[in-house]
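**Student:** Structure in structure tokens, see below.
The values are calculated or read from the model by the stated rules, or taken from the named source; none is laboratory data. Nothing here was measured: the structure is a model prediction, and the numbers come from that model. Because the Cβ atoms are built from the backbone with ideal geometry, glycine has one as well, and the counts that use them run over all protein chains shown. Surface accessibility is based on the protein's heavy atoms, side chains included, excluding ligands, DNA and RNA. Shrake-Rupley method; radii C 1.70, N 1.55, O 1.52, S 1.80 Å.
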Amino acid sequence: MTTLHAVEDALLVASLAMILVAGALLLYRIWYGPSMLDRAVALDVIAALIIAGIGVKAAHDRDSFYFPVMLVLAFLGFSGSVGIARFIAVRDRPAVRPDGRQDHR
């Protein structure tokens, strides 16, 4: 094993450790998030962390098989984020009273 391979393996292990720490912090945010929007953003970032973890595995294995899987997961994460954002936008919209004025809660 050359020095370059040892450095590459060390960087892959360090990146995996950072992904795991970020995942643990995001689980904390999901569990104790003060608002629904915080939880939605944390779920979106967890999807990005899963993609990053798959990218680390692909780099470690030197296999490009995982790239289409990462692309599909990115699309699903984006679609889920848009759906959650639309749900939150509709839920947090101020109600309109019969006289035409807005009811600010």
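**Student:** Projected area of the chain, taken from the Cα convex hull and averaged over every viewing direction, in nm²?
**Tutor:** Projected area, direction-averaged: 8.9 nm².
**Student:** Taking the solvent-accessible surface of protein heavy atoms with a 1.4 Å probe, what is the per residue accessible area of the chain in Å²?
**Tutor:** So the chain comes to 76 Å² accessible per residue, rounded to a whole number.
**Student:** Now for a different question. Of all the accessible heavy-atom surface of the chain, with the other protein chains kept in place and a 1.4 Å probe, what percent is carbon and sulfur?
**Tutor:** 72 percent
**Student:** Highest mean first, what order results for 71-82, 36-47 on Cβ atoms within 10 Å?
**Tutor:** Result, highest mean first: 36-47, 71-82.
**Student:** Sequence gap at least 6, Cα distance under 8 Å: using those rules, report the relative contact order of the range 19-84 to the nearest whole percent.
**Tutor:** 31 percent
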